[in-house]
Amino acid sequence: MTIAARKDRSQERQKQMIAEHFQRLGRARESGEKCVYTFVPGNLTELLRAFDLLPVLPEINALQSGMRGKSREYIGLAEKLGHSEDVCTYVKCDIGMLKSGNIGPTGERLPDPDLLLLSYTGCFTFLKWFELLRQEYRAPTVMLHVPYQADGQITPSQREYVVAQLKHKVIPALERVSGKKFDIDKLREQLRRSAQAEDDLVWVLQSARHRPSPIDAYFGGVYYIGPIFSAFRGTQEALEYYRELREEVAERIALGLGPVTPDGPLEREKFRVVVEGPPNWTSFREFWKMFADEGAVVVASTYTKVGGTYDLGFRHDPDRPLESLADYCLGCYTNLNLPTRVDVLCQYMDEYSADGLLVHSVKSCNSFSAGQLAMLNEVERRTGKPVGFLESDLVDPRYFSAANIKNRLESYFQMVAQKRAAAPRTEASAP
Amino acid sequence: MKYSVGIDLGSTTTKAVVLNEQCAVLGRGITNSRSNYQVACEVALGEALNRARLGMIERELADAGVDVTLRQAWLADFDRRFREQQYRAQLERLAQTLERHARDERDSELVRPLVADVVERMRTETCALFAEGANRKSDFFRDLAGSRYLALAEGLADERGARFDRVAGLFDKSILEVENAAEDSERFAVFAKAALAGMEAVPSELRAALERAAAVVMEQACCVGTGYGRATLPFPKEWIRSEILCHGLGAHAMFPGTRTVLDIGGQDTKAIQVDEQGIVTSFQMNDRCAAGCGRYLGYIADEMSLGLHELGPLACKSRRQVKINSTCTVFAGAELRERLSLGDKREDILAGLHRAIILRAMSLLARSGGVRPEFTFTGGVARNAAAVEALKKLIFEHYGEMQLNISADSIYTGALGAALFAHREAQRAQAPSRLAEPARG
Amino acid sequence: MSASRVQGIVERAEDLCRDLRLESVRRWKEQNGGLAIGFMPIWAPRELLRAQGCLPVGIMGGGEDVEIIKGDAFYQSYICHLPRSTIELALGGSLDVLDGMIFPAICDVIRNLSGIWKLRFPERLAYYFDSPQDFDPQIGGAFLRRELEEFSHALVQRGARPLETEALRESLAAYNANRARVQALYQLRRDEPWKVPTWELYLLQRAGLVAPVEEHDRMLDEYLAAIRADESRRPLDQARVVLTGSFCEQPPLGLIKTLERAGCYIVDDDFIQVGRWFKNPASLDGDPLDNLVNAFLRDSLESPTRYEEQGNKGEELVRRVADSRAEGVLFCTPSFCDPALLDQPMAVRAIEASGTPWTAFKYAENNGQFQVIREQAGTFADSIKLFSEALSP
């Protein structure tokens, strides 16, 4: 069997999972299934599934709108309705989609939320986003406030606070909306499957330690995190998806193959970089191609940790169900303080033998972006590796200037190459 | 003679620098950028090669023992006439193109003689335009011919009841064609001969040196391109370098002690840190908007109905600088008018605007890692005295006093860096064959 | 006589407000020997700081007086101005006198500024103070209490005296008294806005960010007495407006003056809310730490940074408009301020439903030109006046 065909299999499976999920959502009104809108960081998918509730993730819808070329129109509509041009374009894209009939990425109309689960994790805008949606849908809303890991660790007080909210606020709200009693064993079962899938995901992400890397951990990585970051964590399908993905990647390693890019397999890995920050979705392929054209592979990225920092060791734990859900929320990447984020980046640079760090800074996301320049300097200081800075946005095409980004990327990779070429000389001249 | 060339295709001008095999600069050429990049490159390169030949002549004369004042006077005279010949050749091409377009005009019976008369007057004026001591506002044919054409056409159109905008439109259409059509390749010998013919008495040493210089066969060993338009340069990808790398290396070549480079060009601002070998260690560029770039000064100049080159000197007269916070080009006009209406003096506002631009650059410098001596300032804005003053003050205040380098040739920094890369490539390409020779022998 | 007294007090307040190198704080430390702890907008547990012998110092950025040389190196163009001038102040040594900084949970920018502080000034106390978004005493309340205890402990580790019950109770009383004065001034301005120009009230509040609470009390008392005695301040035909959106990055003083000169009486605002954060006095009975917690849970001002549990977004603003008998609303927000700008569509919806006219504009703390805003606010004020004239018989 050819690699391309096997590659297709995990991708096809994911596509099918998503299609089925949206079909189910599309039929939710008739089938009587209830849905809960929530966010990727701090998502409580296992808990929702334990109540047979269907998750809807507006962030994913927004990025899908970006990839499908709809976001410009949606954002424009939201701005016309009085939303500021200065604020997060995910929010505006979502509002615009809602005002345009709430047609989801697969063409089906999304059901209105039966509950807004405001998991306030690592992003201030989430609070405003669901306050805005609450006005639109008049849906019941439950707040889960996840405190910030300001000192680089989860304190017992923080965990206690989150668990108390889960017990006394979130679970009762889910019971009300589902009409079902909380069954902790059902939750444990989900968490057990989550942990297994998480093992496989981590294995896949860490496969990038190989030379050449069999995967691109950013552009390819956003596909790999799809199921586990969205509606499927804890499901049997997710478990199978990650098992299959792992096998495919193992085979690529055995054959010494590099990652697949928009133009086919990467022939020669010239640069290995770490990327901090979310991708741009409106020009996703073009952006990816700019890397591939330079022979650059992203070997580690922080964006693939916004829905959980599994590679740093966290696993969902059926023996501590609520505590581990709390730790999961508290540990999402954007809930980590800047010094910890710098540590993570430096660790990646080392662990993945990277040539340098590129920061892709998006206008929309201050949680990611504010302070990235300070992080950049710190990583440069500590690792001595070349760093580069790119700016655009998540889903607002007005902020993606291809020529500008290409110019910076080319300059960056040429700088890396030049430094690399010069390195032996300086070493030779050293005593 | 083998040479390496670097070409910097910028948003407003295209520059070329030619190096010999010993890595010494032979000549520099500059032209206005245009839609046909290939032509812009050829023109700049041709100009650099012409300068290279002039350099050869100068050396020959020196070797022949001609006194320095004398030979410089000869060369200046020759150069003036040489440029006049170039101008005349282009004027003829313009004349033909104008004639062709004039024929297609609806009222061609009115327009054709008018245009012909304008061109005829331009021909007559040419001598004066290139006379000794004459002040030419630009070295680019487009600017020189354009300003004369429009001035003459306006008068004649008025006189004869033709529509000036239509006559002016003809020029715009024609100059585009003239500029973008490939020129005849190197015509040094032809222009040189014509230039000599115009001179009253040609010293025999000059004639001899010229003939030898014209006979030298220039052979390109390698060409590296850079600049904003580099992606569209007509070279293979491996011959293209980012302008960041070229600016870093070029500044290092001009001032070997350079560690920090600031380049403020028309469209962008770059802060670059280099090591002791001229290798870029980090860089920052301005974000999408042109705030704080040379273009911003252009808007201000338009708003004040001043020439770009007049801004700096006027700002230098300021005694009480006005504080300006916005370097947004969109708001610049409104802000300026408000300031003027508040009674602030033009020079004080301008001083504030220059400082505001430099403050933006200070931010980029800080982002790129600060300012380390020596500090080299390049790009078009480096020619503006008020900007230099403001920069000096802020750098010294915040990073201590240090050597500030500004080269008179700073506009060629990127092209020089590219030429140095080309030189290295040429050497590398040669290296194996040189090694192979003894074995063959 | 009283006019010059008013002027003297306001000038003193302005001096304190423009004292970017915090000389007054330096003097306080020399005299009192306690820690000086800075805090960013919009709320910080000043009561607790004072009880432990610390001077709380409100840091509202560098305003219009600070030129940004290095601060932009930390921030992209799409991030508000406040953090860049704050870091500029810190890098320039202006904040050296502070023994620590509190970064309250306002937004992601201020949150991450706490991280920049940790990276750049590892030796200094950089405390991100997370206040709960759950307002249940058993859940959010318990969390806040633990936060306060941990913070108090961090202060002790830096050399502050331990927290004692009596000291905290006394401190609650002191701030209750101070808030009562500020609230009285707000009330007076609501009733007779010509007596209390907003730019003066604003400066007096700014003074309270650096001055010890008793000293601030004296200033407020003096000011109140002086304006009551000042007969020269007569009512003008101006439009009564509520200003909202300026709770974090502060507008330049010139902007506030511009609005007033353009024909607006600002009869309520959200400048420097820390001085009025609790709508009612904190209870002095029982455990004072619990009282502080409960005041936060129950009596905090509504703010875009605070989750609105009941889903009545904007109603508080509508109520403020009614309470202050305002005729219009000015949404006056800093550029790129996420809390203010994301909240605005909801506030606008409520305000429109109540039939109140509104207008909106943005600023940065270092704006120098107000011509556009002057015209906009002037037109707005005129239209309100014309409208009310048309209605009156």
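The values are calculated or read from the model by the stated rules, or taken from the named source; none is laboratory data. Only a predicted model underlies this, so the values are computations on that prediction, with no experimental measurement involved. For neighbour counting, all protein chains shown are included, and Cβ atoms are generated from backbone atoms with ideal geometry for every residue, glycine included. Protein only, heavy atoms only, side chains kept; ligands, DNA and RNA dropped before computing areas. Shrake-Rupley method; radii C 1.70, N 1.55, O 1.52, S 1.80 Å.
Ranked from largest, the principal axis spans of the Cα set of region A:190-423 equal 53, 41, 36 Å.
Take each residue of peptide C:334-345, count the partner chain Cβ atoms within 10 Å of its Cβ, and average: the result is 6. Taking 17 Å as the cut-off, the amide N atoms of region C:1-29 that come nearer than this to a point 7 Å along the Cα-to-beta-carbon line of C:ARG228 belong to C:2-3, C:5-6. Sorted from longest to shortest, the spans of the Cα atoms of chain C along the three principal axes equal 67, 47, 46 Å.
As a check on your grasp of the helix formula, calculate [θ] at 222 nm for chain A: sum -39500 (n - 2.57) over DSSP H runs of n ≥ 4, divide by the residue count, round to the nearest 500.
Details: 19 runs with 224 residues, N = 431.
Using -39500 (n - 2.57) per qualifying helix, the result is -16000 deg cm²/dmol.
Per-residue mean of other chain beta-carbon atoms within 10 angstrom of the beta-carbon, peptide A:331-341? The mean count of partner-chain Cβ atoms within 10 Å per residue comes to 3. In region A:149-172, what residues drop by 10 Å² or more of accessible area when the other protein chains are put back, versus the chain on its own? Use 1.4 Å, and skip ligands and nucleic acids. Relative to the lone chain, where solvent access is computed with a 1.4 Å probe, region A:149-172 loses at least 10 Å² at A:ALA150, A:ASP151, A:THR155, A:SER157, A:GLN158, A:GLU160, A:TYR161, A:ALA164, A:GLN165, A:HIS168, A:LYS169. Over the Cα atoms of the protein assembly as shown, the radius of gyration divided by the Kirkwood radius equals 1.01; this is the Rg/Rh ratio. Dividing the Cα radius of gyration of chain A by its Kirkwood radius returns 0.96 for Rg/Rh.
Here region B:334-405 and region C:26-63 have alpha carbon centers that stand 37 Å from each other. Axis of helix A:58-67 versus longest Cα principal axis of chain A: the two differ by about 50°, to the nearest ten degrees.
Label zone (B:CYS23, point 7 Å along Cα-to-C-beta; backbone nitrogen cut-off 16 Å) within region B:390-434: B:416-431. Taking θ as phi - 60° and the Karplus parameters 6.51, -1.76 and 1.60, the scalar couplings of region B:352-367 work out to x, 5, 4, 5, 4, 5, 5, 4, 4, 5, 4, 5, 5, 4, 4, 4 Hz in sequence order, x denoting glycine and proline. Here the scattering of region B:92-246 is modelled by Debye summation over its C-alpha atoms, one equal scatterer each and no solvent; at q = 0.09, 0.16 Å⁻¹ the log10 of I(q)/I(0) is -0.48, -1.04. With the simple model of a label 7 Å out from the Cα in the direction of the Cβ, A:GLU160 to B:GLU120 spans 10.2 nm.
Please report, in debye to the nearest 20, how large the charge dipole of region C:239-393 is about its Cα centre when each Lys and Arg carries +1 at its beta carbon and each Asp and Glu carries -1 there.
Values: 15 positive and 23 negative charges, 104 e Å.
About 500 debye.
Multiply the residue gap between B:GLU177 and B:LEU308 by 0.36 nm, knock off their C-alpha separation, and tell me the result in nm, one decimal place.
On the way: separation 131, 0.36 × 131 = 47.16 nm, distance 2.71 nm.
Once the chain is fully extended between B:GLU177 and B:LEU308, it gains 44.4 nm.
Each label point was placed 7 Å from the Cα along the Cα-to-Cβ direction; for B:ARG187 and C:GLU170 their separation is 9.6 nm.
Which percent of the Cα-Cα distances in region B:256-406 go past 19 Å?
Percent of Cα pairs beyond 19 Å in region B:256-406: 49.
Using a 1.4 Å probe over protein heavy atoms, the accessible area lost on pairing B with C, summed over both chains, comes to approximately 1400 Å². Can you list the residues of region A:353-391 with backbone N under 18 Å from a point 7 Å past the Cα of B:ASP275, pointing along Cα to Cβ? In region A:353-391, the label zone of B:ASP275 (backbone N under 18 Å from the point 7 Å along Cα→Cβ) covers A:354-357, A:379-388. Here region A:289-378 is assigned +1 on the Cβ of each Lys and Arg and -1 on the Cβ of each Asp and Glu. Its dipole about the Cα centre then comes out at about 360 debye.
Taking the C-alpha atoms only, the angle from helix A:321-330 to the longest principal axis of chain A is near 50 degrees. Dipole of chain B computed with +1 at Lys/Arg Cβ and -1 at Asp/Glu Cβ about the Cα centre; of B:GLY161, B:SER407, B:ALA62, farthest Cα towards the positive end is B:SER407.
With the cut-off at 1.5 for a/c, could you classify region C:1-107 from its C-alpha gyration tensor as rounded, prolate or oblate? Please report the intermediate quantities before stating the final value.
Details: a/c = 1.78, a/b = 1.22, b/c = 1.45.
Verdict is oblate for region C:1-107.
The residue list A:LEU166, A:PRO105, A:GLY76 was ranked by how far each Cα lies along the charge dipole of region A:66-174 toward its positive end, using unit charges on Cβ atoms, and A:PRO105 comes out on top.
Working from the alpha-carbon coordinates of chain B, get Rg over Rh, Rh being the Kirkwood radius. Provide the component values of the computation, followed by the final result.
Numbers: Rg = 24.2 Å, Rh = 24.1 Å.
On the Cα set of chain B, Rg over Rh gives 1.00.
Accessible area per residue of region B:2-215 at 1.4 Å probe, in Å²? Walk me through the numbers before you get to the answer.
Working: 10180 Å² over 214 residues.
For region B:2-215, the solvent-accessible area averages 48 Å² per residue.
Of interest is the spacing of the C-alpha centroids, which for region B:161-216 and region A:200-215 amounts to 63 Å.
Would you mind giving the mean number of other chain beta-carbons within 10 Å of the Cβ of each residue in C:196-209, as a whole number? Kindly include the intermediate steps, with their values, before the conclusion.
Values: counts 0, 0, 0, 0, 0, 0, 0, 0, 0, 0, 0, 0, 0, 0.
So the per-residue partner count for this stretch is 0.
The charge dipole of region A:3-144, taken about its Cα centre with unit charges on the Cβ of Lys, Arg, Asp and Glu (plus for the first two, minus for the last two), comes to roughly 380 debye. Pull out a ≥ b ≥ c, the square roots of the eigenvalues of the alpha-carbon gyration tensor of region A:243-376, then state rounded if a/c is under 1.5, prolate if not and a/b is larger than b/c, and oblate in the remaining case. Oblate, since a/c reaches 1.5 and b/c is not below a/b.
What quantity of accessible surface, computed with a 1.4 Å probe and excluding non-protein components, is buried in total between chains C and A, in Å² to the nearest 100? Spell out each step's value before the answer.
Details: alone 16790 and 17660 Å², together 29870 Å².
By this definition, chains C and A bury close to 4600 Å².
Which of the trypsin sites (Lys or Arg not before Pro) across region A:125-155 are loop residues per DSSP, with 13 or fewer other Cβ within 10 Å?
Working: sites: A:LYS128, A:ARG134, A:ARG138; in loops: A:ARG138.
Listed in order of number, the matching sites are A:ARG138.
Just round it to a whole percent: the fraction of Cα-Cα distances in region A:300-431 exceeding 20 Å. Before the final figure, lay out the partial values.
Details: 4840 of 8646 pairs.
Counting every Cα pair in region A:300-431, those more than 20 Å apart make up 56 percent.
Note on the protein assembly as shown: with neighbouring protein chains present and a 1.4 Å probe, carbon and sulfur make up 50 percent of its accessible heavy-atom surface. Its Kirkwood hydrodynamic radius, worked out from the mean inverse distance over all distinct Cα pairs, puts region B:5-113 at 16.5 Å. One Cα centroid belongs to region B:49-89, the other to region C:77-142; the line between them spans 67 Å.
Buried accessible area for the A:B pair, summed, 1.4 Å probe, in Å² rounded to 100? Heavy-atom accessible area buried at this interface is about 2100 Å². Were the residues from B:ALA385 through B:ARG320 laid out at 0.36 nm apart, the gain over their Cα-Cα distance would be 21.7 nm.
Which order, highest average first, do A:12-20, C:49-57, A:347-355 follow once you tally other Cβ atoms within 10 Å for each residue and take the mean per peptide?
C:49-57, A:347-355, A:12-20
Each of B:THR124, B:TYR37, B:ALA418 was placed along the dipole of chain B (beta-carbon charges, centred on the mean Cα), and the one lying farthest toward the positive end is B:ALA418.
Can you tell me the length gained on complete extension of the stretch C:HIS153 to C:ASP19, counting 0.36 nm per residue apart and subtracting the Cα distance?
Details: separation 134, 0.36 × 134 = 48.24 nm, distance 3.01 nm.
Extra length from C:HIS153 to C:ASP19 when fully extended: 45.2 nm.
I need the fraction of alpha carbon pairs in region B:152-232 separated by more than 19 Å, rounded to a whole percent.
On the way: 2209 of 3240 pairs.
In whole percent, the long-distance tail amounts to 68.
Once the gyration tensor of the Cα atoms in region A:347-406 is diagonalised, the equivalent ellipsoid follows with semi-axes of 24, 13, 10 Å, ordered largest first.
Set the Förster radius R0 to 35 Å, insert the Cβ-Cβ distance between A:ASP293 and A:SER100 as r into 1/(1 + (r/R0)^6), and round the FRET efficiency to 0.05. Provide the component values of the computation, followed by the final result.
Numbers: r = 35 Å, r/R0 = 1.01.
Using R0 = 35 Å, I get an efficiency of 0.50.
Past 29 Å, Cα to Cα: identify those pairs from A:LYS363/C:LYS313; B:LYS15/B:LYS137; A:LYS128/A:LYS305; A:LYS70/A:LYS289; B:LYS2/B:LYS270, in the order given. Flagged as over cut-off: B:LYS2/B:LYS270.
Only helices enter this figure: runs of n ≥ 4 DSSP H residues, each worth -39500 (n - 2.57), summed and divided by the residues of chain B, yield -19500 deg cm²/dmol at 222 nm to the nearest 500.
Can you tell me the orientation of helix A:402-429 relative to chain A, as the angle in degrees between its alpha-carbon axis and the longest Cα principal axis, to the nearest 10? For A:402-429 against chain A, the angle is about 50 degrees. In the full protein context, region C:239-393 carries 36 Å² of accessible surface per residue, based on a 1.4 Å probe and ignoring ligands, DNA and RNA.
What is the packing order of peptides C:202-209, C:367-374, taking the mean over residues of other C-beta atoms within 10 Å and listing the highest first?
Working: C:202-209: 24.6, C:367-374: 18.1.
Packing order, densest peptide first, comes out as C:202-209, C:367-374.
At q = 0.09, 0.14, 0.21 Å⁻¹, work out log10 I(q)/I(0) for region C:239-393 with the Debye formula, treating every Cα as an identical point scatterer and leaving solvent out; two decimals please. Listed by q, the Debye log ratios stand at -0.32, -0.73, -1.38. Note on C:ARG319 and B:TYR299: the model spin-label points, each 7 Å out from Cα along the C-beta direction, lie 4.5 nm apart. For region A:3-186, the spread of Cα positions along the three principal axes, ordered from largest to smallest, is 44, 42, 39 Å.
In µm²/s, what is D for region A:21-114 at 25 °C and 0.890 mPa s, where D = kT/(6 pi eta Rh) by Stokes-Einstein and Rh is the Kirkwood radius from Cα pairs?
Details: Rh = 13.8 Å.
Translational D for this selection: 178 µm²/s.
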